[in-house]
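Enquirer: This is the structure I have questions about; it appears just below.
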Amino acid sequence: MGKMTEKPMVRRTAAVTAALLTAAALLRSLFVGLEIDEEYALSLGFRLVSGDRLFETMWEPHQLSALTAAPLVALFLAVTGTTTGLLLFVRVVMLALKAALSFWFYRSLRGALGRPAAWIGALLLLAFTPKWFLGPDYVSQQFHYTLAAFLCWYGYYAPGPRQYRTPARVAAGAVCACLSFLAYPQSVAAAPVFLLGMVLLGRRGGEPRLGPVPRGALVFAGSCAVCGVAFLLWVLQGMDFDPGAFLQRVQLVLEDPQYDFTPAQRAQVLLSQTVTMLRFMAWPGLAAVVVTALSCLGGRPAPARLAERLLWVFVACLALRCTQYGLQDENLDFRHMYLAATVAGGVTFWLDRRCGEGRPARTLLFWLGWLPGVAAYLMILRSTLTSLPTTFMYLFWPALCSVAALALRRPAVRLLPLAVLGTLLLYLVACRLWLVQTVGWKPADITDTPLVQIENGPAKGIWADQKAADMQECLYEALQPYGGKQLLQAIGEQHGLGFLMADGTLKVAQASVISGTDSDPRFEEYYTLMPDKLPDVILYDDAEVRDMDAFHAWLEEHFAITDRYTVLHGTASLQVLVVDGWAE
């Protein structure tokens, strides 16, 4: 009797411990660290709230993600009348939304996966953010909206008394999917997979049809069409309903010099990085072979199942290797286990395609989770600037669907998915607790990075490294006298929260608030097309790390600079240039 009660107690203790560690890691992420991509996300939302228009006055490549950030900025401004402390508010809201999605995932899939696997999966969803910070940047939006869409559709298609009864779930999921496509347009590659999956799921499950097409597929297509038309009308309304002008501006935004490469050039870069990736995977691969061989001493499975087991053991070993590498070398980009889990999941889905146990949930995970996630990733891989290891963050959701598919097989291999889920959670929690996110998406650890609390501006209350904290205070001091003025940051590594200084009364006076690799010639054209956007104040960063010389020379030649002075705060140094229109 003692042994029978001992196992449930051990499981409960492990579940509570995992939850407490995850909560501690997220609580730390709530208050610690500052990264320029998180600032960028808020500055996009601020532009929309302060009167800028998509495509007309906003030329950022990720401007559509402002649709989610803007309501949060507007709400905070309406309630407080200032932007001081805005970042902490946004993080709290995002953490609350993540907790709600994780709980929804657990409630939806605990019956199919079992409570232990669903619990760890929910903790993984809670702990994971693509770029580690909590702010709603375009990548985070793409992931969380995709998750919300899946959960809506799972509630509609999963067997049970409510199956096919609430088409509103499909419509709600379609709205979430559209928001995901807007946040990261390349992820629209998932749309035809969603539609095909809904057609097949409906026809096989006996869903009511309208003609030959199942109702869910029609609701999805119709909802997406309505969202698309509504969005286009809203954007065109800001451009006097001139489709030609809209298309020209879209083309101009897409001509970003940072993304000026061909598919062949991108493929060449990825190929060169693949060799390094395979080298990194060698030791975990060897360890997986040894562990799998030892597991076969009691009996050898069929060759296909043996290969599948080897792949999943490799995922666990690789997750441990990535954890060790992240903590030792302080590199958060090495998330190779998501790629390995996605590949292993493909094998599991194929081998279990005729397995009756867990078949409905497995089919949903494949058609509405794994396959569209892979389709979106392949499109993103073609277009993104990031290195190959960094792109694996886009595979987290297909990877989780893959482990969930393995957990559907009960009870023979229940230990294996729990081990994989545990190693994936260990990676996220350990890195969040040990490392500190610093400016430039470069991590450091708690032993060598003294933290300073920011006391002014939108990031007030956040603890950051000395350099980031000094820059926020310097921006506050430099811009506080210029409330209501138009600001241009002629800086390569943009300080997005700088635009939100002076209690949110500044106006953005530049084409884009994204960090650039060098001077962008389109920015000069911006002031010709929109003379009302001439800046009143220009900032230079004396610690400039990118080539902005050409843009600086153009500014000083064409604008009348009436004053210039330096503002210092600790390690930060900013030049403030006061502008009085065009130079004569």
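The values are calculated or read from the model by the stated rules, or taken from the named source; none is laboratory data. As the structure is a prediction and not an experimental result, all values here were calculated from the model. In this analysis, Cβ positions are derived from the backbone assuming ideal geometry, glycine residues included, and neighbour counts consider all displayed protein chains. Protein only, heavy atoms only, side chains kept; ligands, DNA and RNA dropped before computing areas. Shrake-Rupley method; radii C 1.70, N 1.55, O 1.52, S 1.80 Å.
Enquirer: So which residues in segment 565-577 are open to solvent by 30 Å² or more (accessible area, probe 1.4 Å) and without any contact (Cβ under 8 Å) to a residue 60 or more places away in the chain, if there are any at all?
Expert: Y565, T566, Q575, listed by residue number.
Enquirer: If only one of R354, R362 is over 30 Å from Q268 (Cβ atoms) and in a helix (DSSP H, G or I), which one is it?
Expert: Sole residue among the options that is over 30 Å from Q268 (Cβ atoms) and in a helix (DSSP H, G or I): R362.
Enquirer: Sticking with this one: Please verify whether E60 is surrounded by fewer than 20 Cβ atoms within 10 Å (Cβ to Cβ), in contact (Cβ under 8 Å) with a residue 12 or more places away in the chain and farther than 14 Å from L500 by Cα, treating the condition exactly as stated.
Expert: Judged against the criteria, E60 is not a match.
Enquirer: When you scan segment 135-154, do you find a residue that is more than 30 Å from V429 (Cα to Cα), open to solvent by 30 Å² or more (accessible area, probe 1.4 Å) and not assigned by the TED database to the domain that holds V513, even just one?
Expert: no
Enquirer: Let me ask another. For segment 473-519, which positions are on the phi < 0 side of the Ramachandran plot and charged (D, E, K, R)?
Expert: Passing the criteria: E473, E477, K485, E493, K507, D518.
Enquirer: Taking the stated definitions as given, is F105 touching a strand residue (DSSP E or B) at 6+ places or on another chain (Cβ under 7 Å), among the hydrophobic types (A, V, I, L, M, F, W, C) and either assigned to a loop (DSSP other than H, G, I, E, B) or in contact (Cβ under 8 Å) with a residue 24 or more places away in the chain (or both)?
Expert: In short, no.
Enquirer: Of all residues being under 24 Å from the mean Cα position of the chain (by Cα) and among the charged types (D, E, K, R) in segment 447-481, which is modelled with the lowest pLDDT? Just the residue, please.
Expert: Here the residue is D465.
Enquirer: Can you tell me which residue within segment 120-159, out of those that are touching a Phe, Trp or Tyr at 6+ places or on another chain (Cβ under 6 Å) and hydrophobic (A, V, I, L, M, F, W, C), is nearest to F194 (Cα to Cα)?
Expert: Only one residue tops the list, namely L151.
Enquirer: Give me a count of the residues in segment 41-100 that are assigned to a helix (DSSP H, G or I) and either within 24 Å of Q251 (Cα to Cα) or hydrophobic (A, V, I, L, M, F, W, C) (or both).
Expert: Matching residues across segment 41-100 total 38.
Enquirer: Which residue pairs have Cβ atoms under 8 Å apart, sit 6 or more places apart or on different chains, and have a first residue in segment 540-557 that is in contact (Cβ under 8 Å) with a residue 60 or more places away in the chain and within 14 Å of F523 (Cα to Cα) and a second that is open to solvent by less than 60 Å² (accessible area, probe 1.4 Å) and of a type in the set (D, E)?
Expert: Close Cβ pairs (under 8 Å, with a partner that is open to solvent by less than 60 Å² (accessible area, probe 1.4 Å) and of a type in the set (D, E)) amount to F551/D520; F551/E524.
Enquirer: Sort out which residues of segment 157-188 are free of Cβ contacts under 8 Å to residues at least 40 places away in the same chain and open to solvent by less than 10 Å² (accessible area, probe 1.4 Å), and write them in order of number.
Expert: Within segment 157-188, S180 is the sole residue that qualifies.
So that you can scan it fast, the table gives a plain yes or no per residue for (1) surrounded by 23 or more Cβ atoms within 10 Å (Cβ to Cβ); (2) more than 15 Å from Q575 (Cβ to Cβ):
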{"residue": "P458", "(1), (2)": "yes, yes"}
{"residue": "A468", "(1), (2)": "yes, yes"}
{"residue": "M471", "(1), (2)": "yes, no"}
{"residue": "L479", "(1), (2)": "yes, no"}
{"residue": "G484", "(1), (2)": "no, yes"}
{"residue": "H495", "(1), (2)": "yes, no"}
{"residue": "G498", "(1), (2)": "yes, no"}
{"residue": "D503", "(1), (2)": "no, yes"}
{"residue": "I514", "(1), (2)": "no, yes"}
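Enquirer: Inspect all residues belonging to segment 548-564 and state whether any of them is under 30 Å from P450 (Cα atoms), surrounded by 12 or more Cβ atoms within 10 Å (Cβ to Cβ) and at pLDDT below 90.
Expert: Taking every residue of segment 548-564 in turn, none turns out to be under 30 Å from P450 (Cα atoms), surrounded by 12 or more Cβ atoms within 10 Å (Cβ to Cβ) and at pLDDT below 90.
Enquirer: Here is a follow-up. Quick check, is T528 at pLDDT 90 or above and of a type outside the set (A, V, I, L, M, F, W, C)?
Expert: For T528, the condition - at pLDDT 90 or above and of a type outside the set (A, V, I, L, M, F, W, C) - is not met.
Residue-wise test of (1) closer than 30 Å to A316 by Cα; (2) open to solvent by 70 Å² or more (accessible area, probe 1.4 Å); (3) at pLDDT below 90; (4) part of a helix (DSSP H, G or I).
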{"site": "A190", "(1), (2), (3), (4)": "yes, no, no, yes"}
{"site": "M198", "(1), (2), (3), (4)": "no, no, no, yes"}
{"site": "L201", "(1), (2), (3), (4)": "no, no, no, yes"}
{"site": "F220", "(1), (2), (3), (4)": "no, no, no, yes"}
{"site": "V250", "(1), (2), (3), (4)": "no, no, yes, yes"}
{"site": "W283", "(1), (2), (3), (4)": "yes, yes, no, yes"}
